[in-house]
Amino acid sequence: MPFVNKILRLIDRNRLQKIELFAKKPYEVQESLLKSLISAARDTEWGRRFNFADIKNIAEYQKRVPLQKYEELAQYINRIKSGEQNIMWPTRVKWFAKSSGTTNDKSKYIPVSLESLELCHYRGGKDVVSLYNRNYPENKLLTGKTLTLGGSYQIEPHSKKIITGDLSAIMIKNLPYWVNLIRSPLPRIALIPKWEDKLDRLSRITIRQNITALAGVPSWNLVMIKHILEVTGKKNLLEIWPNLELFMHGGVKFSPYLDQFRQVVPSEKMHYMETYNASEGFFAIQDNPSDHGMLLMLDYGIFYEFIPMDQYHNENPEAIHIGEVQTGINYALVLSTNGGLWRYLIGDTIMFTSLYPHKIIVTGRTKHFINAFGEELIIDNAENALMVACRETGAQIHEYTAAPVYMNSDAKGRHEWCIEFEKEPSNMEEFISILDRTLMSLNSDYEAKRYKNITLDLPAISKLKKGTFYKWFSEKDKLGGQNKIPRLSNDRKYVDELIQINESSL
């Protein structure tokens with residue numbers, strides 16, 4: 001075992017014991033955390049408005065403070081962006097993570113406090129290393145560097161004290177200098193705004209370094225990897241970085257990309273570790289490599305609530321706490337954070353795969369689904385069906401999105417899937433058939449609508465030329481970072497834009 005790992009295990013022992021504690025006593029840990037959040041913010045404008053000083057328990061908090069969407073919080077966030085303080089959180093907030101969750105036209109600005117950086121985002125990164133070291137005690141992760149794709153940030157023109165940008169850029173900008181000993185590239189390169197320039201410079205520098213890990217969104221990491229292989233003329237990454245052993249990934253479901261990573265990193269010793277983090281916080285870590293569920297991290301300064309999705313669209317949906325959840329139910333996620341978000345509907349949906357410890361998978365977005373015909377198709381259904389279709393036909397997918405084709409006098413409705421293949425299926429008709437059959441096995445509503453083609457016809461595949469999604473991101477000025485296209489949509493906006501780009505390049 002490397003000496004550095006022995007030191008880390010001694011340091012991490014106490015932290016791992018705390019993780020075991022919240023795994024055994026999730027309700028008690030969350031209840032205590034909520035009380036500390038309320039106490040910290042009792043004298044803020046928000047705390048006085050809802051009389052935080054008199055809230056004694058979870059039920060009272062839920063009764064007194066209404067659920068909040070971004071639109072309801074925007075007026076307060078805009079005031080903080082203008083320089084006002086002590087509005088939603090007591091300590092000074094000058095950083096705002098620019099986020100839309102997926103690539104929409106209108107961005108959200110999520111307040112990032114010092115507490116949320118230190119006690120949530122950075123703690124999440126430290127815990128990833130601690131859990132990896134526990135699972136693989138002989139690893140050599142910290143003998144080299146982790147290559148992290150960063151975004152960029154901007155100083156707000158109206159106030160030089162307020163800075164907005166990608167969460168990754170905010171984290172890199174605020175990291176202590178010593179962290180650069182174990183991560184690459186240096187901030188002056190990682191934070192270059194123009195994606196192509198950043199890609200070129202980080203490639204030329206990192207190919208001379210000992211990279212032992214990668215971190216980030218799978219799709220953008222593949223773009224980077226292909227560029228590096230093209231620049232070096234190598235066949236795979238092990239020819240450049242022979243000690244590469246870990247990819248810490250998040251942002252999108254990894255299964256569609258796994259085969260491509262196995263090709264560019266052909267090693268049985270390569271490990272993959274999923275994380276669930278967003279601008280609003282760091283939420284979960286895959287703590288067991290043999291279990292696809294991620295451990296919900298309950299002591300990061302985030303109090304969680306959950307709304308069953310079959311109640312989500314009710315006028316006053318009831319949110320439940322961690323002690324009331326069940327496995328196998330699709331929940332909308334609600335957050336109260338040490339960044340000053342209170343009962344905030346983040347827009348993600350999750351499902352618990354186990355209790356004690358409480359582990360989750362991300363199933364999709366509250367807005368990103370297809371329900372044009374009552375089929376209630378969610379992202380988790382789509383990802384799993386595509387994985388089966390790819391496995392059985394030898395296909396690999398680079399990017400995809402899907403939307404309905406509405407009924408008219410001449411045709412029934414159907415779903416249209418715009419797919420940019422990395423490797424096309426051996427038989428497209430078989431691919432469509434497997435996709436359809438698997439969706440029916442996963443979703444009874446979809447199956448009912450497909451019964452004898454009465455409501456829905458077979459799905460249609462629009463095969464896009466390579467580079468189509470990249471051009472779409474470029475036109476939206478969304479290259480790199482954590483940007484991603486909605487996988488499913490109830491309207492045809494994204495599908496039609498992609499088809500137009502594809503046809504214009506023919």
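Please treat every number below as a calculation from the coordinates, not as lab data. Computed from a predicted structure; not experimentally measured. Here Cβ is always computed from backbone atoms with ideal geometry, including for glycine, and neighbour counts include all displayed protein chains.
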Next on the checklist: For region 3-88, I need the span (max minus min coordinate) of the C-alpha atoms along each principal axis, in Å, sorted largest to smallest.
Outcome noted: 51, 32, 23
Checklist outcome for this item: Quick shape check on region 345-415: root eigenvalues a ≥ b ≥ c of the Cα gyration tensor, a/c under 1.5 is rounded, otherwise prolate if a/b tops b/c, else oblate, and it reads oblate
Next on the checklist: Show me the ranking of peptides 78-91, 245-258 by mean Cβ neighbours inside 10 Å, starting with the highest.
Outcome noted: 245-258, 78-91
Next on the checklist: For a Förster distance of 25 Å, can you work out the FRET efficiency between the beta-carbons of L458 and N490, rounded to the nearest 0.05?
Outcome noted: 0.80
Checklist entry - Does region 325-470 come out rounded, prolate or oblate, given a ≥ b ≥ c as the square roots of the eigenvalues of its C-alpha gyration tensor, rounded meaning a/c under 1.5 and, failing that, prolate meaning a/b above b/c? => result prolate
Next on the checklist: How many angstrom lie between the Cα centre of region 163-222 and the Cα centre of region 118-137?
Outcome noted: 19
Item to check | Value of [θ]222 nm, deg cm²/dmol, for the chain, DSSP H segments ≥ 4, -39500 (n - 2.57) each, nearest 500 | outcome: -11000 deg cm²/dmol
Item to check | Label-to-label distance, nm, for residues given as K476 and N243 (7 Å Cα→Cβ offset) | outcome: 3.8
Checklist outcome for this item: One finds the C-alpha centres of region 318-334 and region 341-410 to be spaced, in Å, by 18
Checklist outcome for this item: Per residue, the convex hull enclosing the alpha carbons of region 197-321 has a volume in Å³ of 158
Checklist outcome for this item: Using alpha carbon centers only, region 9-61 is separated from region 246-316 by a whole-angstrom value of 23
Checklist entry - Going highest first, how would you order 116-128, 12-24 by mean Cβ packing within 10 Å? => result 116-128, 12-24
Checklist entry - Which entries in the list K94/K471; K108/K493; K25/K253; K108/K484 go over 23 Å, if you measure between the two C-alpha atoms of each? => result K94/K471; K25/K253
Next on the checklist: What percent of all Cα-Cα pairs in region 112-165 falls into each 10 Å bin, going from 0 up to the bin containing the maximum distance?
Outcome noted: 18, 34, 28, 14, 5, 0
Next on the checklist: Is the C-alpha gyration tensor of region 45-132 telling us rounded, prolate or oblate? Criteria: a/c under 1.5 is rounded; beyond that, a/b larger than b/c is prolate, otherwise oblate.
Outcome noted: oblate
